[in-house]
Structures are given as structure tokens and as C-alpha cells.
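Chemist: Structure provided below as C-alpha cells; questions to follow.
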Amino acid sequence: MLDNHAPRGAKYYLKYWLLYSVLFAVVTAGVFLVLILQGRSFVWYSDAVSQYVPRAAYFGTKTREVLAGFLEGDFSIPTYDFTLGMGNTIPLHFEPLYWVFLLFDASQAELAYGVVLLLRFYFAGLSMSVFLFYFRNGWTAALIGSFSYIYCGYGLWACMRHAHFLYGLIMLPLCILALEELYRHKRWYLCTLVVWIHLWCGYYFLYINTLATAVYFLLRFFHDKEHRTFREFWKKLGMIAGSYLLGVAIGNGTLIDSFASYLTSGRTEAVDYGSSANFLFYGWKWPLSFFRDFLTAGRGPGNWLRLGYIPLIYVGLVVLFLRKGRKLLKSTVLTGTVFLMIPAVAFVFSGFSNINNRWSYVYSFALSAALAFVIKDIRELTKKERRIVVLASLPFLVLFAAEVLFSHGKNRYIALVSGVVLVLTLVVVLLFCPADELADSSENAAGGSSGGPAGFSGNAAGGSSGGPAGFFGNAAGVFSGNMEAQQERLQSRRLRRWRIPGTDRLAGGALVALTVVSLWCYGLETFAPRMENYASEFPKAGTVVEGITQMPLAALEDVEDDSFYRAATKKVNRKIQGAAQFLDYNGTVWYSSTTSRIMQDYYLQMGVSTWSGVRLKGFDGRTFLDTLACVKYYALDKETEYDLPYGYKKVLETEKNGKTYEVFENEMALPIGYTYDTVISEEELLAYEVPERQEVLMQAASLESAAGTQAESADTSDIKGASDAGAQAESADTVNIKGASDAGAQAESADMSDIKGARSASAQAESADTADIKSADGAVQITGQMAEITGETCENVTVGDGVLTIQYKKGEEATLTLDYSGTENSEVYLYIRGLQYEDGYSASFEYECGKYSNTYSLHGVENPYYSGQKDYLFNLGYHEEADGTCRITFTEGKSLRFDDIQIYCQPMDNMKDYTDALKENVLENVEIQTNCVKGDISLEEEKLLVLSIPYQNGWTAYVDGQKTEIEKANLMYMGIWLEPGGHTIELRYRMPGMRIGVGVSIAAFLIFILLLLKARRRRQVSEGSV
């Protein structure tokens, strides 16, 4: 029943689909058995909790609202939402399976996510089955190839982290299939359809699959001796390009949205890997790890490479290279293996942004396909071939035995399970798949049915055209070889071979059962506690939505305030970074793979520590920055007022989900639009020290170029600051921890009281230069200053030559303690200049001052999410006392480079004066409508209206109905110049390029239909003439 070579009709495939569905349920239950027994969800604790589940819930809620509006006659479609970070474009989703989220309420988002994840796995396997049937493989090959493809190491590890990675697995077999059709001048429209749907599912994996398909096309062409001519190459390439581009044109709506976000994000900037990076070779450990981890699912070499192939794939590769023919298949496997050895290939496949092997599912596809195409050969091994298979497996058996005997921890158990699976595979192959040794000569002569010039053991023209509608069978020759020779070989074997009592179906069933058991064991390796323990990274079932929404800002539901405002809280862990999409409030937190580069630059220039390449976690409770961002409310757990920024008063205490929260209102909050009468250029702003810039923005706006905006701002070179000479002298004498310390202090590592000195000459010069750059009219004053370090103590930490060396010992603390004397009523910051970690992925530490504490994970320079930031301001909270102690605790033995460590005090005495000046003329009567912000303002003099909306393409401003230029203000916000008088302000948002994109899609679709009709008419004429 498993391999029926009779003519294939609809019943054949219907029966296979039923069998596949049942086996999918069985395999999936076994693979995820540990998750099920532990009561875990299918939601990864990091990106899935903080990004994917909230977006899924948001999509379902907003889409239902839009559809309800359609029924009521409102055909407006929102494309911008302030609950997405500080305001962002609403992402478009056209992936067919994503619409399943419409069937679930937001409270069921966890369940919906798990359902969609499993559906993606399911359709990835079906897609592989379609591909294998296209090349006339039987049920055994299709089942084994499909399940080994979707549940390889990549599927179990990467796709469980990021469910949308399964788009790539679903579409890759269809991409190769569509190329084959085009290669034979058959159904050209398949490529257009596949590209169209693929683009709707996401451009990133379309990019990867396009590169993979291009490589396959080159291999396919150069193995096609019959048609390998220069003219034929360009002819085929032209057909492929035309069909491909037509699909891109039809599906470009999502491309415009997502690709535009990508181009304006920090992901387009390649990571600085340092001078030690080698784009040609990972190092000698890499190929050794590649070999070690090839047959294990619980570990990988690194750089997003997870192999985890069942031993049957390895047996298939041995058989493939033992026999003659199938040159294209061999070339494909070898090319993929070589590619995995070269970092530059990973760099190209990742979009030239970093070195990762997220493309490695392509390699998994090649190996699974190779296994499927040699299944018949595995079932009919000669005695000689069986011996070779056993000998080829010995290195893995020895390796696993050595790890079991001499390794410790998870590696021992992983090796044990992998070794058992390998032994089981050899037993099944030897018992159920032997052929009579008299057939050796005919086997070697047949050579796997190499017969055709196409190189995949077949001819380029394709094989038989059987199958329903002729679809499954056009390309049989490419992979399976000459069909007549194959039938003769099979008949010869039936007459001359011996087998354990049973039938051919028994061998096929045994191999399928072996695949199922192998995948179960690999699921155990991946998720079991004593092995990879991946299950620990998945929250308990039923807790995901509660974990996202059970946070202080849930209390905003009880706040009665209809004005536009933003809200913040202190502890922004991974779980709650998508809470705004559930709780529907305007916040300052955003988690996206395509975070705005402009916003990232603001965080960097302000020294904010709460961000990375994909996360913006608010402004670290910094009073000035929160106020400029229109943060009006701050929510905290009860009795944690010590975490409260300056200027807030309690307005509400409420209980949510069994927890008590307190809400505080910023008494000096700014509205969404406020005005400046003083403007400086970005160059002037950035000339200030990092801690001073926020105070500058409380008094003067910055524009990319302030020249010509105001007459009085033409010359700022001779305008001095408000800080008097005494303050400057105090700043110049500030005691800092420098990179050098005397030998005695290094040896003791306990007392650094004698490491006191003036700032370096360069730092003094920089301070002197910035002191002279002030506002256009002298209004900007810098009241913040460096505190005096009155004492330093190190425990298991040494400081020397610009390096912090942490000598961490288990059971002992590694700390750096700074006593300081600063300014009363100040927000205090730990200011570290030139901070870098060059020796690894990340380094974590905790910092505290009084009751205020926080933790930070510093990304290493080779971390894909390294931001390039070097100057950091770590908020230590608001303190009324001038004197205090900052304590930094390290939990790992690492070395951090730095230029300077200081304590900076920012007095809050002028806070009310600053905000009163900015609120002198503000945007009033604000209305937030669909893709539109409206308001009124009245001024007595020319001013710059700054709107705390992130600067982004797509916005158009109208002042009294007249289109007005929007400028980038304060590094990340929007600014509009206004003349004296009363004005009506209107901001409209339209997704950039949407009109053009829709027009191109409609035109391309009409062209597609016309071409189909033309092809149909031509076919009818051709059939009529016959």
C-alpha cells in the first residue's frame, strides 16, 4: 500500500493525504511529548511572547473591527496606530494561515498561535509531499522525506522560536517545482503564483528561496548537456525572470510595507565584526562541530545552524554517493555542504546584515529530498553496500560512545539517544532492506538509474506524463532516472533477491516507522530536561496572555482621561513588551525586527540603555525624556514608589488579576504638541556631552539644519552657557575612575580610594569645547554636573588600562562600589563612556543606588544585535540627598573595556520652568482619528511646533488647509514652523507607496489574466488543428 506504481488518480492522493494527516498527528504528538507532559505552551518565551502573540491578537481584534465597520458603511482602513510603540504603521498580513487568528478572541491568542504553528508544520510537510510526488516518488519516500524535512533540527529549534520561519519551508519545495515547470517550458504561471503567495507571506524568505532556487537553476542547467548552450541559458533565464517579476508585481503591496520598514530600520546596517572576522572560514572547530552535530538534534555549531538529521538521511547519503548517476542530486548536496562552511554565504543569505544560517533549511530540504529519491535503493541494498553503510557509520558510533563514557551533562544524554537511534537505523536497514548478493553486478551497472543527461539521474525533458492532469509525472526523469531501466532493475531484483518473510510493503513500513521513532527521539533530545531542555523556554500552557497583560499599566483601564497621552512603567521585561496591543494604551515600548533607525539613533545619542537592534523599552524612567515623549502616567506595583521618576503624584490605586497597582500622574506632562522659540542644529546638540543633551532639548529644539530658520540663530559660536566658571571648574575637577590604577590597587582589588584623578586631557578638551556651544539667545543652561567620587571599592574586580576585569568566583560577589557627592534633588546617572565587550555574545551586570536598582545585558561587538553604542547613561533614580553610593554587581567573569566611569547629577529644580515654557503655546482640542491627528493652536510669535510623533515617511502636515513641510525635530520627532496667529493643524498618514503599489498590483494581475487567456486560446487552437 505504501508504494503503488499503478496509474495515479485522485483516490491515490486522497488516501495519501489521509495517511499523512494521521501520521502527522502521531509524529507531532511524539516530537512534542515533553512539552505536552510538562504542560507547556508552543509559545517561545522571548520573541513569540513579546512580539508574535501580541501581534496575532492585535490582528484579529483590529481586522474584526474593520470588517464590522464595513458592515456599518465605514470603509476607512486604519494604517497607523499609536499603540504600536510610540506610533507605527500597522503591518499588513496576507499570509493565508494568518487569517486563522480571526477565529479567536484576543484572550485565546495563545491557543490560536499554537494552532497556526502546527498548521504551518502540517502544510510544510504537504508541500514537500507535493514536490516528491511531482517526481513520481511513492508513499514511502513522500512520508519519510516530508517528516524528516519539517522536524529536522532547524524545524525543532528555529521554527519553534519563530513560527513564521515555516513560510520558508512551505514555499521552498513549490519554488523548485515551479522552476522545473518553467525549465521545461510547461506551466509558466506556477512561478508567478508561487512568488505572489510567497511575497504575501513575507519578503525575507522569498529572498532566501530566490537565492536557493537560483543556485539550483545553475546546477540544473550545467548538468543538462542536451540543452547546455548560451542561447538556451538566456532563453530559460528570461522566462523565469519574467514570470518571477510578474508575481512580484502582483504581490508588491506587502513588499512596499515590509521592505520599506526594513530599509528604514537598523537591520540594513551590517554588524561591525571587528578585525578578527573571517568571511571565508569559521575556524577549525566549525567542521568538527558540523560532523558532531549532524546526527544530533539537541545542539548545533552556532550562527543559527541546527542540523539534527535522522540517521536514515545519513544512510541515504552513503547510498547516494555509492552508486553511479544522480549527478545533479550529488552536486546539490555537496554545494550545500560547502556553503555551510563559508561565513560569506551566510552573510549573503541574511541580506548582508550579519552572519547567520537561517537559510540552512534549504540544506535540510536537499538532504530530505536526497533521502526520498534513494529510498528504493535503501530498500534493496546489496551485501557489499550494507557493509559499507555500517563502516561509514562507525565514526559516529565511536564518537557517541566516547561522549557517553567521558562527557558530562547534556552531551552525554544527547549522545546516548543519538547513538541508540543510529544503531536502531542500522538494524532496520540490515534486517528489512537486503538484496541478494547475486544482484551486485546488476546493481552497480544500473547505478541508481543514471540514464539521462539532466544529472539528477534523468533526462531534461522529463519522464512520463502520468498522474492527474499530467501534473505529477512531468519531471520524473530528472530525479528518478530512466523509467524503463528502473522497471527492468526492479523486476530483476524481485526474481533474484531474498528477504526476511514479508513483502516490499513491510520494508517500506519499517522505514516509515523508523523515521517516526527517530523523530520522537530527536524531540526528546531537544526538549527533555537532562538534554537540551528547550522546553524550559516555553511558558506553561494557559499563562501566556495572563503573563503579557498582568502588569502595572493594566491599571490604566481605570483612569478617566480622554486626552491623548502615553504611559510608562519601570520593569519592562520580555513578557510585557507587547502588552499595549492587548490593553490598548499608548506607550513607549516597541519590539520589532524592523525598528526605526531614526528612533534607534535618538536612543544612542541620548545614551539610553534600554534598547537594542529590535527592542525599544522606553526611556529608562528619565524624567526629561519621558516628558518630551508626552508620558503623562507612570504605573508601578504597590509600595515601589522609590522607582518613581521626579514630578509624579499618585492618582489611583487599583487591583487587577489579584495584584495591586498604583498609577501616578506627571504634574508637568507635555501634550502631544508643544512649542519652542529657540532652535539649534543637530550638530550643535551633539556637541554637548551625552548627559547634557536631554536638558538642552528641554529648552531648545534641534533640527537637522537650523540655518535660516531664525535670524537670531545664524551665529552661535560666541554664545556662552549659563554654567559659571565655578561650576565648570568643579566639573573639571570631578574625580573619575580611569583605566589605569597602580599595581598595589590591582593586586588587592579591594580598595581603589587612591584611584582619583582629573579627567584625561582629551576629556577636558571636549568638556571645554562643549561649554562654549549654547543656545541662540543664551536661554539654554546646563545645570547638571559630574559628582565628585569620594570613595571607590572593588571586590574581585580590577581596573587597569581601560579594562574592567571581573574575577567572578562562585559564592563570592564581584562588585565595584562608588561613593559620590553630588547635587540635591537630582536624577542621578551612572555615566560610562566607551563601554564595550569584545570577547563574547553578552555581559550582564546589576547597578543600584539606594532602593533603586536595575540590570543590564551589554551586547558584545560580535552580537548580531550589537547597536554600536559606546556611551551609556544608566538611570539610578531620583534622590533628594546630594550624597549616595552606586554599586555595580557582576555575575560573570569577563573583561569590559571603557574610557571613563562617572556619576552625573541632573537637578530637577528647573523642571517646572522648562515645561511651563514649552506649554506656553500647545496643540489643543486634539482629535485622534483614523490615520489623522487634528488640533488647534494660537501663537503670538513665530515658533516651532514639535509633535511627539516619531518622524516617519507617510505623514503630511496641513496648516489651515495648506500643505506644510515636516522637519525632523529633536532627533526623532516631527516639527512644523508656525507663524503668529491662530491655526488649525492636521496631520494625515498614508502608507508610503501604497497607491502606486495597489496600482501596480492591479495592472500586473490584469496582465497575468490576459496571458493565461492567451495561452489557453493558443492551446485550444493547437488542439483543434490536430
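Chemist: I need the full set of residues from segment 627-644 which are closer than 16 Å to G587 by Cα and in contact with an Asp or Glu (Cβ under 9 Å, 6 or more places away or on another chain), in order please. Steps first, answer last, please.
Modeler: We begin by selecting, within segment 627-644, every residue closer than 16 Å to G587 by Cα; these are 627-636.
Once the filter is applied, which keeps residues that are closer than 16 Å to G587 by Cα and in contact with an Asp or Glu (Cβ under 9 Å, 6 or more places away or on another chain), segment 627-644 yields K632, Y633, Y634, A635, L636.
Chemist: So which of N925, N875, N863 ends up being part of a loop (DSSP other than H, G, I, E, B) and within 26 Å of G85 (Cα to Cα)?
Modeler: On the way: N925 fails: part of a loop (DSSP other than H, G, I, E, B); N875 fails: part of a loop (DSSP other than H, G, I, E, B).
Just a single option satisfies the conditions, and that option is N863.
Chemist: Quickly run through segment 800-841 and pick out the residues that are part of a strand (DSSP E or B) and basic (K, R).
Modeler: If we filter segment 800-841 for residues that are part of a strand (DSSP E or B), which is where we start, we get 800, 803-806, 814-821, 826-833, 836.
Within segment 800-841, just R833 meets the criteria.
Chemist: I've got another one for you. Quick test for you: out of D899, D936, D913, pick the one residue that is under 28 Å from I782 (Cα atoms), of a type in the set (D, E) and in contact with a Gly (Cβ under 9 Å, 6 or more places away or on another chain). Talk me through it step by step, then tell me what you get.
Modeler: Details: D936 fails: under 28 Å from I782 (Cα atoms); D913 fails: in contact with a Gly (Cβ under 9 Å, 6 or more places away or on another chain).
From the options D899, D936, D913, the qualifying one is D899.
Chemist: Could you check segment 985-1004 and list, in sequence order, the residues that are outside any strand (DSSP E or B) and in contact with a Leu (Cβ under 9 Å, 6 or more places away or on another chain)? Don't jump to the end; show me each part of the working.
Modeler: At the first step, the residues of segment 985-1004 found to be outside any strand (DSSP E or B) are 990-1004.
Across segment 985-1004, the qualifying residues are M991, G997, A1004.
Chemist: Show me the helices (runs of 4 or more DSSP H) entirely contained within segment 531-613 in which 1 or more residues are surrounded by fewer than 19 Cβ atoms within 10 Å (Cβ to Cβ). Lay out the reasoning, then the answer.
Modeler: On the way: elements: 544-549, 579-583, 597-605.
The qualifying helices (runs of 4 or more DSSP H) are 544-549, 597-605.
Chemist: To continue, here is another question. Could you grab the pairs with beta carbons closer than 7 Å, sequence gap of 6+ or different chains, first residue in segment 625-638 and under 18 Å from A555 (Cβ atoms), second one of a type in the set (V, I, T)?
Modeler: Here the result reads V631/T588; Y633/V559; Y633/V663; Y634/T569; A635/T569; A635/V663; L636/T569; K638/T660, each pair linking segment 625-638 to a residue that is of a type in the set (V, I, T).
Chemist: Six or more apart or on different chains, Cβ atoms under 6 Å: show the pairs whose first residue is in segment 978-992 and without any contact (Cβ under 8 Å) to a residue 24 or more places away in the chain and whose second is assigned to a strand (DSSP E or B) and surrounded by fewer than 19 Cβ atoms within 10 Å (Cβ to Cβ).
Modeler: none
Chemist: Within segment 174-191, does at least one residue satisfy the condition of being modelled with pLDDT of 95 or more, out of contact with any strand residue (DSSP E or B) (no Cβ under 9 Å at 6 or more places or on another chain), over 18 Å from F131 (Cα atoms) and not aliphatic (A, V, I, L, M)?
Modeler: no
Chemist: Among the numbered criteria (1) surrounded by 21 or more Cβ atoms within 10 Å (Cβ to Cβ); (2) under 22 Å from P96 (Cα atoms); (3) within 22 Å of the chain's Cα centre (by Cα); (4) of a type in the set (A, V, I, L, M), which one does L118 miss?
Modeler: (1)
Chemist: Kindly evaluate E881 against the criterion of being part of a loop (DSSP other than H, G, I, E, B), modelled with pLDDT of 95 or more and of a type outside the set (G, A, S).
Modeler: Working: part of a loop (DSSP other than H, G, I, E, B): yes; modelled with pLDDT of 95 or more: yes; of a type outside the set (G, A, S): yes.
So E881 fits the description; yes.
Chemist: Test Y646 against the stated conditions and say whether it is touching a residue at least 60 places away in the same chain (Cβ under 8 Å), of a type in the set (S, T, Y) and in contact with a Lys or Arg (Cβ under 9 Å, 6 or more places away or on another chain).
Modeler: Details: touching a residue at least 60 places away in the same chain (Cβ under 8 Å): yes; of a type in the set (S, T, Y): yes; in contact with a Lys or Arg (Cβ under 9 Å, 6 or more places away or on another chain): no.
The answer is no for Y646.
Chemist: Search segment 137-163 for residues being touching a Ser or Thr at 6+ places or on another chain (Cβ under 7 Å) and among the small types (G, A, S), and hand back the single one that is farthest from F294 (Cα to Cα).
Modeler: Taking the candidates together, the pick is A142.
Chemist: Something else about it: So how many residues does segment 861-872 have that are over 21 Å from N573 (Cβ atoms) and over 23 Å from the mean Cα position of the chain (by Cα)?
Modeler: 2
Chemist: Further, regarding this structure: Specify the residue that is farthest from the chain's Cα centre (by Cα); the eligible residues are those in segment 283-329 that are hydroxyl-bearing (S, T, Y) and part of a helix (DSSP H, G or I).
Modeler: Filtering segment 283-329 for residues that are hydroxyl-bearing (S, T, Y) and part of a helix (DSSP H, G or I), the one farthest from the chain's Cα centre (by Cα) comes out as Y314.
Chemist: Suppose we keep only residues that are at pLDDT 95 or above and in a strand (DSSP E or B) within segment 614-636. Which one would you say is nearest to N354 (Cα to Cα)?
Modeler: Taking the candidates together, the pick is V631.
Chemist: Checking the structure you have, find out if any residue of segment 172-185 is assigned to a helix (DSSP H, G or I), of a type outside the set (F, W, Y) and within 30 Å of E537 (Cα to Cα).
Modeler: Going residue by residue through segment 172-185, those that are assigned to a helix (DSSP H, G or I) are 172-183.
Restricting the remaining residues to those that are of a type outside the set (F, W, Y) gives 172-182.
Of the ones still in play, those that are also within 30 Å of E537 (Cα to Cα) are 172.
Yes; the residues of segment 172-185 include at least one that is assigned to a helix (DSSP H, G or I), of a type outside the set (F, W, Y) and within 30 Å of E537 (Cα to Cα).
Chemist: Sticking with this one: Which one is farthest from the chain's Cα centre (by Cα) among residues in segment 214-223 that are buried (at least 21 other Cβ atoms within 10 Å of the Cβ) and not basic (K, R)?
Modeler: Across segment 214-223, the extreme among qualifying residues is H223.
Chemist: Report yes if Y820 is under 38 Å from the mean Cα position of the chain (by Cα), at pLDDT 90 or above and surrounded by 14 or more Cβ atoms within 10 Å (Cβ to Cβ), otherwise no. Can you show your working first?
Modeler: Working: under 38 Å from the mean Cα position of the chain (by Cα): no; at pLDDT 90 or above: yes; surrounded by 14 or more Cβ atoms within 10 Å (Cβ to Cβ): yes.
For Y820, the condition - under 38 Å from the mean Cα position of the chain (by Cα), at pLDDT 90 or above and surrounded by 14 or more Cβ atoms within 10 Å (Cβ to Cβ) - is not met.
Chemist: Give segment 954-964 a look and list any residue that's touching a residue at least 12 places away in the same chain (Cβ under 8 Å) and more than 31 Å from the chain's Cα centre (by Cα), or say none.
Modeler: From segment 954-964, those touching a residue at least 12 places away in the same chain (Cβ under 8 Å) are 954-961, 964; that's our starting set.
Correct list: A957, Y958, V959, D960, G961, T964.
Chemist: Please work out if V1021 is farther than 30 Å from Q694 by Cα, part of a helix (DSSP H, G or I) and within 40 Å of the chain's Cα centre (by Cα). Don't jump to the end; show me each part of the working.
Modeler: Numbers: farther than 30 Å from Q694 by Cα: yes; part of a helix (DSSP H, G or I): yes; within 40 Å of the chain's Cα centre (by Cα): no.
Here the answer is no, as V1021 does not meet what is asked.
So that you can scan it fast, the table gives a plain yes or no per residue for (1) of a type outside the set (F, W, Y); (2) under 14 Å from L126 (Cα atoms):
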site	(1), (2)
K11	yes, no
K15	yes, yes
V26	yes, no
L35	yes, no
Q38	yes, no
F42	no, no
D47	yes, no
Q51	yes, no
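Chemist: Regarding R40, is this residue in contact (Cβ under 8 Å) with a residue 60 or more places away in the chain, closer than 23 Å to S612 by Cα, in the same structural domain as L166 (by TED's automatic domain parsing) and basic (K, R)? Please lay out each step first, then the result.
Modeler: Details: in contact (Cβ under 8 Å) with a residue 60 or more places away in the chain: yes; closer than 23 Å to S612 by Cα: no; in the same structural domain as L166 (by TED's automatic domain parsing): yes; basic (K, R): yes.
When the stated conditions are applied, R40 does not pass them.
Chemist: Just to verify a result, which residue in segment 782-799, among those that are outside any strand (DSSP E or B) and modelled with pLDDT of 95 or more, is nearest to Q902 (Cα to Cα)?
Modeler: Within segment 782-799, the match that is nearest to Q902 (Cα to Cα) is A787.
Chemist: Which residue pairs have Cβ atoms under 9 Å apart, sit 6 or more places apart or on different chains, and have a first residue in segment 827-847 that is in the same structural domain as N863 (by TED's automatic domain parsing) and free of Cβ contacts under 8 Å to residues at least 40 places away in the same chain and a second that is buried (at least 19 other Cβ atoms within 10 Å of the Cβ) and part of a strand (DSSP E or B)?
Modeler: So the pair list comes out as Y841/H859; S842/L858; S842/H859.
Chemist: Just need a number here: residues in segment 848-860 that are part of a strand (DSSP E or B) and more than 21 Å from the chain's Cα centre (by Cα). If you could, list the steps in order and put the result at the bottom.
Modeler: Here is the first cut: in segment 848-860, the residues part of a strand (DSSP E or B) are 848-849, 852-859.
From the residues that got through so far, the ones that are more than 21 Å from the chain's Cα centre (by Cα) too are 848-849, 852-855.
Of the residues in segment 848-860, 6 are part of a strand (DSSP E or B) and more than 21 Å from the chain's Cα centre (by Cα).
Chemist: Specify the residue that is farthest from the chain's Cα centre (by Cα); the eligible residues are those in segment 651-695 that are of a type in the set (V, I, T) and over 27 Å from R833 (Cα atoms).
Modeler: Residues of segment 651-695 of a type in the set (V, I, T): 651, 654, 660, 663, 672, 675, 678-680, 690.
From the residues that got through so far, the ones that are over 27 Å from R833 (Cα atoms) too are 651, 654, 660, 663, 672, 675, 678-679.
Values: V651: 39, T654: 36, T660: 34, V663: 33, I672: 31, T675: 38, T678: 41, V679: 38 Å.
Checking each candidate, the answer is T678.
Chemist: Okay, next question. Kindly provide the set of residues from segment 309-327 that are at pLDDT below 95 and buried (at least 23 other Cβ atoms within 10 Å of the Cβ), ordered by number.
Modeler: Listed by number, the list holds a single entry, R326.
The values are calculated or read from the model by the stated rules, or taken from the named source; none is laboratory data. What you see is a predicted model; the values in this text were computed from it and never measured. All Cβ positions, glycine included, derive from the backbone under ideal geometry; neighbour counts span all protein chains shown.
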